[in-house]
Every structure is written in structure tokens, then in C-alpha cells.
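Worksheet for the structure shown next.
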Amino acid sequence: MSPKVVIVGGGYGGSAAAKALDAVADVTLVEPKDAFLHNVGALRAAVDSDFAPQIFLPYDHLLSRGRIVRDRAVRVEPGTVSLASGNALDADYIVLATGSSYPFPAKSDLDDSSASLEKFGATQKQLTAADKVLLLGAGPVGLEFAGEIKARWPQKQVVIIDPAPSILSGYSDAFREEILRQLDELGVELLLNDSLVQEPPTEVGTAGAFDVTTRSGAEVSAQVWFRAYGVTPASDYLSGSLAPARLDGGRVEVLPSLQVKGQTTVFALGDITDVAEPKRAGAAMRHAEVIAGNITALIEGGKELTSYEPGPAAILLPLGPTGGATELPGGELLGPEVTAQYKGADLMVGRFSETFGLSG
């Protein structure tokens, strides 16, 4: 009988781990959403109603042997995953891949794809009605969202406010200067080293005129606003001997093998880990590759496990379908044409459709 592997969470890392282990184990993927939400494309889905349906990918063809259980883990300890339905899954190995929450539209908190699609459509309507958009946060999400808005509505004004003195710390000056150049060309207004005295009086993502003041005294008028900051790891289901591995803030302490600290059969990947690197889809998928290899080694009786080593800083940052820039490991800078080719044009929908067995 094949060993049982339960993977909690069907995002980028969880789906990749499930697919990689499908041939060597009895895999159960626990995921409350009825379809994989391709978050890489979520910001474009908020501005383009034709594009939005493409980011929902059914799980039906992900696994050949394993199964998908549409449920939510409410308690996880070594050997057992307890579900919201009241059922429990026995497991020889567990992979924690529950990721994190983030303000809409970069991520959706809805489990039903139809309801989520309606929410994206509503946001597109609210944006259409606004002449000026305020984004709070000048990280990759805020910058990419600004690029999508300007690509869809070139005349719409976009203002980004962030308390940091500069954008994209940790990347090269050349990369940051290229992004700033393109933002300026698009007409995006950046108010850095500043923050609001208080948030706008309107609901986030809902059109309605407002005036706000920054701590430096700048006055900003707009008709809709969004948060582009605030990652919250989803790990509050850890219990028993797993609970001590949960750090303040929700991240989970892992060994270089990506085993949860103090455990041999429980692994964690992606946004919930304390691995020091940017929390992105690519990192979660690289974690999944290491974990799949290590679980396979344990199943086959191997003692040597592979250690995960974060790579050098790298980023693909599209600013709409044809803009943006890329910094490769080692610092090589690539411009908008290559960025569009690798990511911006379709935001990798084609690649992930193949992963989920939906094309060809």
C-alpha cells in the first residue's frame, strides 16, 4: 500500500507538490476553493472582465491517481488532518501549503469561483466609474496594479502612497530606475516616505469621492482606493506538537529540508514558512520540488534529504501587458519586451493551464 500524503492547501506550492508526488504516494489535496485561483493574473482580472474567467482553473485534471477533497483544515497535527466537515484524514506525511491572505483584488477570500468572478466584475465596474484611483502601498502589487489600471484606462489618474523612502528595496538601482521611468511615462504619481493621517471614509474598492491628507501635508482627492499591503500567513490550524513551530505573526519555523521544526513527517512551503526570501508563487513551487524529493526519499528509505537554498533576488514586474521590467539572478536587467514575453502578455495563464491539464 502506498504511503498517505495529505497536502493542506491547493495554491501554487500545494498543487505542485501534489502533482509531483502523485506517482509515488496516495495523495489527498485538501482545498476549500472549487478551482485553482491563478493569483498572478488577479490584478488584470480586476480591470478586464474578458480576462477574469481565465484565472480560474479547475482541479479535475491535476492528479492522475490522487484525489481532491474540497474542505478546510481546522486542526492539523502529526498524522492527522481534521476538516471543517467533521471528517479526519490519516496521513503518513503532511505538507502545509495554506499560503496567506492579502487584500482583494490581489487575492480573493471567496471559495466559490462564480462568486469570486462576480467580485472581480464588480471591482472592474467601480474602477470604470472612477477618474482617480488611490493605491496604498508601492510594493510589487501596488506598482503592478497601477500598471494594469493605466493600460486599461490611460487617462485615469493613479496615485500611490507608501511610507518607504523608495520602491523595491533589495533590487538593483538600474531595475528600480527603469520601473520609476515607466511609471512616470504612464503618469502614475508616487508619494513616497509618506502615509495617510487616516484612511479614506469610503469602503475600500467602492467608488465614491473623497479627500484625504498625508502626514507631510499633501492633499489627495480620488474616487476609489485599494490596499496593496498586508500579508497574513494562514497557519492558525496548527495544533498539538506542531503549535510550537508557529512563530509570532503566523509564519512556521522550518528546517533547511523544509520539515517543520521538530518534525520528520510534516513539511511546510510557501508563504507560511519563515524562509527569508520574497513570498511569491515561484518560491512556493521551488519549495514543492524540494519537499516532493524529500518525501520520496523518505518513502524509499533514504536518509539524505535535500536542503532548500533561497536563490538570489529576481523579479518579473509587468506594468500592464506590454510594460514592466525584469531583474534576473545576478542582476541582469531585461526590459518591457522580454517581461511581456515571459509574464506580462498573458500573466502565465497558458503555462498554468497546461499544469492543470486544461490545454492541448
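So here's what we get for this one:
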{"read-out": "Tally of residues being among the charged types (D, E, K, R), under 20 Å from V6 (Cα atoms) and either assigned to a loop (DSSP other than H, G, I, E, B) or open to solvent by less than 50 Å² (accessible area, probe 1.4 Å) (or both) across segment 273-300", "value": "1"}
{"read-out": "Enumeration of residues in segment 119-150 that are small (G, A, S), under 22 Å from the mean Cα position of the chain (by Cα) and open to solvent by 20 Å² or more (accessible area, probe 1.4 Å)", "value": "G121, A122, G139"}
{"read-out": "Tabulated pairs, segment 332-360, first under 15 Å from R44 (Cα atoms), second of a type in the set (F, W, Y), C-beta under 9 angstrom, 6+ apart or interchain", "value": "D346/F51; L347/F51; M348/Y342; V349/F51"}
{"read-out": "Residue selected from segment 215-244 under the condition surrounded by 17 or more Cβ atoms within 10 Å (Cβ to Cβ) and more than 30 Å from K156 (Cβ to Cβ), by the criterion farthest from the chain's Cα centre (by Cα)", "value": "L242"}
{"read-out": "Residues of segment 151-162 that turn out to be touching a strand residue (DSSP E or B) at 6+ places or on another chain (Cβ under 8 Å) and open to solvent by 30 Å² or more (accessible area, probe 1.4 Å), as a count", "value": "1"}
{"read-out": "Selected residue (criterion: most open to solvent (accessible area, probe 1.4 Å)) from residues of segment 245-272 that are of a type in the set (K, R) and in a loop (DSSP other than H, G, I, E, B)", "value": "K261"}
{"read-out": "Options R75, R70: the member that is charged (D, E, K, R), surrounded by fewer than 18 Cβ atoms within 10 Å (Cβ to Cβ) and closer than 16 Å to S239 by Cα", "value": "R75"}
{"read-out": "First in segment 44-73 and closer than 30 Å to D131 by Cα, second anywhere and hydroxyl-bearing (S, T, Y) and crowded, with 17+ Cβ neighbours inside 10 Å, Cβ under 6 Å, 6 or more apart", "value": "A46/T123; F56/S113"}
{"read-out": "Failed criterion for Y59 (all others in (1) in contact with a helix residue (DSSP H, G or I) (Cβ under 6 Å, 6 or more places away or on another chain); (2) hydroxyl-bearing (S, T, Y); (3) crowded, with 17+ Cβ neighbours inside 10 Å hold)", "value": "(1)"}
{"read-out": "Out of S64, S85, S108, S101, sole residue that is open to solvent by 30 Å² or more (accessible area, probe 1.4 Å), closer than 29 Å to A292 by Cβ and either hydrophobic (A, V, I, L, M, F, W, C) or in contact with a strand residue (DSSP E or B) (Cβ under 7 Å, 6 or more places away or on another chain) (or both)", "value": "S101"}
{"read-out": "Index of the failed condition, T326 passing every other in (1) surrounded by fewer than 19 Cβ atoms within 10 Å (Cβ to Cβ); (2) out of contact with any Gly (no Cβ under 6 Å at 6 or more places or on another chain); (3) not aliphatic (A, V, I, L, M)", "value": "(1)"}
{"read-out": "Failed condition for S116, given (1) within 21 Å of G270 (Cα to Cα); (2) in contact with a Ser or Thr (Cβ under 7 Å, 6 or more places away or on another chain); (3) among the hydroxyl-bearing types (S, T, Y); (4) crowded, with 19+ Cβ neighbours inside 10 Å", "value": "(1)"}
{"read-out": "Criterion: assigned to a loop (DSSP other than H, G, I, E, B) and touching a Leu at 6+ places or on another chain (Cβ under 8 Å) - qualifying residue of I149, I160, I167", "value": "I167"}
{"read-out": "Per-region count, segment 178-203, residues assigned to a helix (DSSP H, G or I) and surrounded by fewer than 13 Cβ atoms within 10 Å (Cβ to Cβ)", "value": "3"}
{"read-out": "Selected residue (criterion: most open to solvent (accessible area, probe 1.4 Å)) from residues of segment 301-323 that are of a type in the set (A, V, I, L, M, F, W, C) and closer than 30 Å to L186 by Cβ", "value": "L316"}
{"read-out": "Segment 21-43, residues that are within 22 Å of the chain's Cα centre (by Cα), without any contact (Cβ under 8 Å) to a residue 60 or more places away in the chain and not in a loop (DSSP other than H, G, I, E, B)", "value": "L29, V30"}
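The values are calculated or read from the model by the stated rules, or taken from the named source; none is laboratory data. If you're wondering where the values come from, they're calculated on a predicted model, not measured in any experiment. Reconstructed Cβ throughout: ideal geometry from the backbone, glycine too, with neighbour counts over all protein chains shown. Please note that ligands, DNA and RNA were not included when accessible areas were found on the heavy atoms of the full protein model with its side chains. Shrake-Rupley method; radii C 1.70, N 1.55, O 1.52, S 1.80 Å.
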